[in-house]
Number of protein chains: 4
Amino acid sequence: MTDRATPSDTYSYLGPAGTFTEAALKLVEAAAGKPWRSVNNVGEALDDVVTGRSVGAVIAIENSVDGGVSATQDALARIPGVRIVGEYLVPVDFVLVARHGTALSDVRTVNAHPVAYAQTHGWLEANVPGHGHIPASSNVAAATALLDEHPVADAAVAPPGITDHHDLAVLASSIGDNASAVTRFVLVSRTLAIPERTGADKTSVIVELPSEHPGALVDMLEQFATRGINMGLLSSRPIGDELGRYRFVIDLDGHVHDERVADALLGLRRFSPRVTFLGSYPRADGFRPEVSARYSDEAFVEARDWLRAIVSGETDAG
Amino acid sequence: MTDRATPSDTYSYLGPAGTFTEAALKLVEAAAGKPWRSVNNVGEALDDVVTGRSVGAVIAIENSVDGGVSATQDALARIPGVRIVGEYLVPVDFVLVARHGTALSDVRTVNAHPVAYAQTHGWLEANVPGHGHIPASSNVAAATALLDEHPVADAAVAPPGITDHHDLAVLASSIGDNASAVTRFVLVSRTLAIPERTGADKTSVIVELPSEHPGALVDMLEQFATRGINMGLLSSRPIGDELGRYRFVIDLDGHVHDERVADALLGLRRFSPRVTFLGSYPRADGFRPEVSARYSDEAFVEARDWLRAIVSGETDAG
Amino acid sequence: MTDRATPSDTYSYLGPAGTFTEAALKLVEAAAGKPWRSVNNVGEALDDVVTGRSVGAVIAIENSVDGGVSATQDALARIPGVRIVGEYLVPVDFVLVARHGTALSDVRTVNAHPVAYAQTHGWLEANVPGHGHIPASSNVAAATALLDEHPVADAAVAPPGITDHHDLAVLASSIGDNASAVTRFVLVSRTLAIPERTGADKTSVIVELPSEHPGALVDMLEQFATRGINMGLLSSRPIGDELGRYRFVIDLDGHVHDERVADALLGLRRFSPRVTFLGSYPRADGFRPEVSARYSDEAFVEARDWLRAIVSGETDAG
Amino acid sequence: MTDRATPSDTYSYLGPAGTFTEAALKLVEAAAGKPWRSVNNVGEALDDVVTGRSVGAVIAIENSVDGGVSATQDALARIPGVRIVGEYLVPVDFVLVARHGTALSDVRTVNAHPVAYAQTHGWLEANVPGHGHIPASSNVAAATALLDEHPVADAAVAPPGITDHHDLAVLASSIGDNASAVTRFVLVSRTLAIPERTGADKTSVIVELPSEHPGALVDMLEQFATRGINMGLLSSRPIGDELGRYRFVIDLDGHVHDERVADALLGLRRFSPRVTFLGSYPRADGFRPEVSARYSDEAFVEARDWLRAIVSGETDAG
């Protein structure tokens, strides 16, 4: 689409170094040894991909505690020309850091990204009672701000690797309220080639409902249910023009090369005024759904052969 | 399939001459001027078609008062290799006939085919109170038996044209309890060529449910509902091996050349252990269902094009 | 309803003595030692019940080979004020009988009730090739007619017990084409008291669809599916006013005293322009459906208690 | 729950004075002339209500551009004992403010609450290219921070009324990207009395799905669809224990005193391992849904009367 002389091999991520997004990017095999570009927000990351400044970008799409990442979901709905080609899970773990010499009992104000704050709120309430919260733009920014001349807070919530990059003291470790918290990241790219089917795949789409009437959503979801397709994420996002109008961001079990998924996408497309195919890609958790014989590729192929023979008049196989 | 030297041009029908089935056969344009063969029952008619003795057979499939004709439905389920290629409606009207010299007040016993008897029962109760009923094997047989040496009945219920063929007196006309009663006949053939789509078509199938669980029938019918396809007839027939196991004889609005119908048949085939395609053919009543844009051929073609472009990597049309 | 001085204790059945219906009546405990009244058809039997001439009537409602008995289904839809209070299964078995001195090889014509003929057709084709069929009004009438001065047939298909009542020779036994064939009978009564719930019950209803649109039938059946209720019989019968309009005769697993069945009936009633409750009664086969916790009486009661507390403001149990 | 001698008449809201939440509170008639308490976050507001410190609290629940407010939805799921009793809509409009003497061309960094930033991002990109964003904890805090000794930003995104309270200069007005943007607030209370039905009502619930299988969500939504109930909001929120487990925050058209809504809640309760009733309350937009006769109160009452008569044996109304 752009006629760049030299295709980029750069990967964009929400920086700076030390963020969970960087940790996710470390899981992307193809990105090893390539230039990494730290950006400030999801829009910028997708923009890098669309313009060809980067070959891929890693962005957070869902958190097991905080839910769908609205900014990512809305950006994917708004920005055409990008595809999800991979999925990565990063456990969410936090430390409380401060300048050297600060004791936990000295802490009055805590700097933290709102999502990180939400995930450590229980610990902070219990261990830093009466603290004030200063919101930061990223987990790393919260920590580095402690080193400012006039720091706005006494301590910061940060990812565990923060002390690799910055000279800070760890006041407490593993302060997340949910030990199994995890964030799901996706790798987006401009390529149109769809990753190979592995048997443990996801397909992501964004769908608008045709109109508001009782049952429109049920009708849409039946496109999956009647083909034995489970949904992971179902997230409603406002279309934005008025209250009460939503689009749905949906993760399906399966790959567009699976007959049942392709058939469901056809059904969606006929049903909805707008369907955005975000991609089919290997699942990070490797889960392989059991598919009943009724929804297997063979069942679809066999049915097509049966019907083709009837329509062509080759058989009395009625 | 059979290697007959000379293909038959004969049409079979449930005789004898004068039956409603003969009246239906008179509506079959292709049968005009061809030999007609009177048979004794539906099985024999279908047998004529299967063996090639006849090129077509007209059989009653449904009556507006008496419902689906079980014998026909079961024969179509049992006998492979026949297709429905046309549909014909014949108004059902009856006369009460007797030997000359018999008055209505003389009638004590009435000979009538059970279906005809059911459709004139109200009139007979009112006008021949206390009469006995002798069942006949056909409407015409009931009448002709009056001319036997030792007739088993005093009068017979018969089609209006009976006096064209037999020397009988009409005691009363239009004795049917329902003035708008009509019987639906189908023309069956061994040909595999499907009649052209006219826009006012029906498709008939026989479907077995996959297993007995709450909702299996709903799942099956949703194959039609989710594609905007109306059903005419839905008739359950016992499979016969045990109580509670049924197959369903179903008439759909539309033609197998309609995308939505073809897609529904694919869904049925994947769902059901056994689907029999009985045929797509022009409706006798000429009714053209309105099809919403969502279920039009264009919607199916457009969706396929959209998906094909995605899968082939030609487009970012996601 | 009628002010008879002495309530009847008579039971009506489709006679004469020796029919399968009589065999079914023998299974009715309450009828032992009471007067039995032989009638000529289902309408007469129901009429006996409605007028109080009989306290109950046994009528065939379904055959495992031939399907729903249309006459019964239509009579139950037409005649108000009767309830099904019991169900009885009678194995269907046939003998071929003739006058003494007749050999099987002598038989040219066979007298048989059409349903009996359908169920022995295979045997007759194989063992009496080329025979003619004379339809009879009942299985017993077919046999007794052999003793007429001028018999219309050489042999008759009859129930096994026929020789207890009539002096006939058995030419062949167990001539039914399906060894496990069975006919289902119901006991109808005018009583409004509903038989006690046993845990192995059926509920029968007749339902009309609200209007013809794609999915109306699905909507109706979902009343059962969404409450975990399995259907036995689903039989469509023409309403009779025009082709394509049907009512449905439905047997449900469960008793109206089961919460899930009562709730489904409420849903039906709101949905349908006409619902006829035919009765809840013990199943003949004693089958007890497994009911998931979600559809148990407890689940319904608990949900009602929960909602009542909310609506009354007693609880924050929201 | 608390045994306070004097019930509070205070209302809590997300402050400080000048926020959109305060604007919503101004719409609450009952709060006029009562003490208002400014709090720092949704949890604190609900806590005020639960402990009885306040009689009510106004909290944002949804924004037409940014979607459901996760913090509110999660707090309502987590904190028992509160009910939604009112709904209020506040148009979202923003100004860009700065210290006196600052020109638009001087602005390099903009302080803004993340949601406000998202809603003015387009304008800022176009008019303050290359600006940096400093996240603030509230729209008002962003503005007041400009008056700090060492302000962290050159300008702030704030509500229009900000200059009533603070001595700041307006650099630009109506900078929201969507002129019709609106935020929906709810009034929560500890009272268990349900606001009267007005005919233009909403009911809010939080529902967990019983288990993950294809179609569980469809089954849940059919509880509404089969009763003709439209949904406004459907928002999925992670339960938090692991990826892929969600609860759903749902707004229904109608009041729990509407029979169809009560019946749907019963269905939900039987279906779901956990249903939280958040309340029925008048809609802010006054919209009165049309209810088809099939789902009217009369239909429910009539059906119950019908069934009661059957079960009690009073009628043959079957």
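Coordinate-derived values only; no laboratory data. Please read all numbers here as calculations on a predicted model, not as lab measurements. So basically every Cβ, Gly included, is an ideal-geometry build from the backbone, and we count neighbours across all protein chains shown.
Could you tell me the calculated FRET efficiency between residue D:178 and residue D:288, based on Cβ-Cβ distance and R0 = 25 angstrom, to the nearest 0.05? Computed FRET efficiency for residue D:178 and residue D:288: 0.40.
Calculated on the alpha-carbon coordinates, the convex hull of the protein assembly as shown measures out at 204 cubic angstrom per residue. For residue D:78, inter-copy separations between label points set 7 Å beyond Cα along the Cβ vector come to 2.8, 6.9, 7.0 nm, shortest first.
As a length-normalised measure over Cα pairs under 8 Å and 6 or more apart, the relative contact order of segment A:194-318 settles at 36 percent. Look at the stretch C:228-238: the mean tally of other chain Cβ atoms within 10 Å of its residues' Cβ atoms is 6.
Across peptide C:271-282, the average count of Cβ atoms from other chains found within 10 Å of a residue's Cβ is 2.
Over the protein assembly as shown, dividing the summed -39,500 (n - 2.57) contributions of all DSSP H runs of at least 4 residues by the number of residues returns a 222 nm mean residue ellipticity of -8000 deg cm²/dmol. Using a 7 Å projection from Cα along Cα-to-Cβ, the label point at residue C:164 is separated from the same position in the remaining copies by 5.2, 9.2, 9.7 nm, smallest value first. Counting only other chain Cβ atoms within 10 Å of each residue's Cβ, the peptide D:301-308 averages 4.
Expressed in units of 2.2 N^0.38 Å, where N is the residue count, the Cα radius of gyration of segment C:194-318 is 1.20. Close amide H pairs (under 5 Å, H built 1.01 Å from N) link residue A:62 with A:69, A:184, residues at least 5 positions away or on another chain. Straight-line cross-link partners of residue A:202 among the lysines, defined as a Cα under 22 Å from its Cα and at least 8 positions apart when in the same chain: A:26. Each Cα pair under 8 Å and six or more residues apart adds its sequence gap; the mean of these over the residue count of chain C is a relative contact order of 19 percent. Distance to the D-onto-A rotation axis is smallest for one chain D Cβ; residue and value in angstrom are D:135, 2.
Rounded to the nearest 0.05, the FRET efficiency derived from the C-beta distance between residue B:298 and residue B:44 at R0 = 51 Å is 0.65.
The alpha carbon centroids of segment B:266-294 and segment D:54-127 are separated by 53 Å.
With both labels modelled 7 Å from their Cα along Cα-to-Cβ, the residue C:106 to residue C:198 distance reads 4.7 nm.
Across the identical copies, the label point of residue C:149 (7 Å from Cα in the Cβ direction) is separated from its matches by 1.3, 13.4, 13.5 nm, in order from shortest. Cα gyration tensor of chain B, axes a ≥ b ≥ c as square roots of the eigenvalues: rounded (a/c below 1.5), prolate (a/b > b/c) or oblate? Prolate shape, in that a/c is at least 1.5 and a/b is the bigger ratio. Search the structure for amide H atoms under 5 Å from the amide H of residue B:254, placed 1.01 Å from N in the peptide plane, and list their residues when 5 or more places away or on another chain. The answer is B:201, B:202, B:203.
Could you calculate, for segment C:95-173, the ratio of the Cα radius of gyration to the Kirkwood radius, expressed as Rg to Rh?
0.91
Any idea how far the Cα center of segment D:206-242 sits from the one of segment B:184-255, in Å? Value for the Cα centre distance between the two parts: 32 Å.
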